[in-house]
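This report refers to the structure that appears directly beneath it.
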Amino acid sequence: MTPNLRRPFGILGLLIAILAYALFVVWLFEPVARLHPLLQAPVWLVLGIAWVVPVRPLLVWIETGLWKTERAKTERAKIERGKTGQGKTERGKA
């Protein structure tokens with residue numbers, strides 16, 4: 001395996017993204033803290049999990065070098081074949 005800079009840059013990007021998200025959550029602390037505790041719980045639960053969604057493509061890129069997973073690429077290829085009419089075969093012919 002040849003060394004490349006994808007992992008160090010990816011980890012740096014991940015740290016920056018998490019820091020930005022943490023600052024956003026700290027900014028939300030005051031308004032959320034005014035809510036009733038039963039309303040606060042779901043907000044903090046969602047905010048505690050939501051950081052994964054925007055960071056996922058970065059994690060995929062760190063591991064694979066691609067911004068999308070193979071599944072997403074396959075789905076996109078199916079859509080493109082459907083638009084261009086390629087890949088369609090007549091029934092009964094092999």
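Over the range 27-71, accessible surface divided per residue gives 80 Å², non-protein components excluded, 1.4 Å probe.
How much FRET efficiency would the formula 1/(1 + (r/R0)^6) give for residue 29 and residue 68, where r is the Cβ-Cβ distance and R0 is 30 Å, rounded to 0.05?
It comes to 0.30.
Shown for the range 26-76: the carbon plus sulfur share of the solvent-accessible area, taken with all protein chains present and a 1.4 angstrom probe, equals 71%. Mean projected area of the Cα convex hull of the range 25-72, taken over all directions, amounts to 4.4 nm².
The values are calculated or read from the model by the stated rules, or taken from the named source; none is laboratory data. Quick caveat, the model's predicted, so the values are computed rather than measured. Neighbour counts are summed over all protein chains in view; Cβ atoms, including those assigned to glycine, are modelled from backbone coordinates with ideal geometry. The area values use the complete protein model at the heavy-atom level, side chains included, leaving out ligands, DNA and RNA. Shrake-Rupley method; radii C 1.70, N 1.55, O 1.52, S 1.80 Å.
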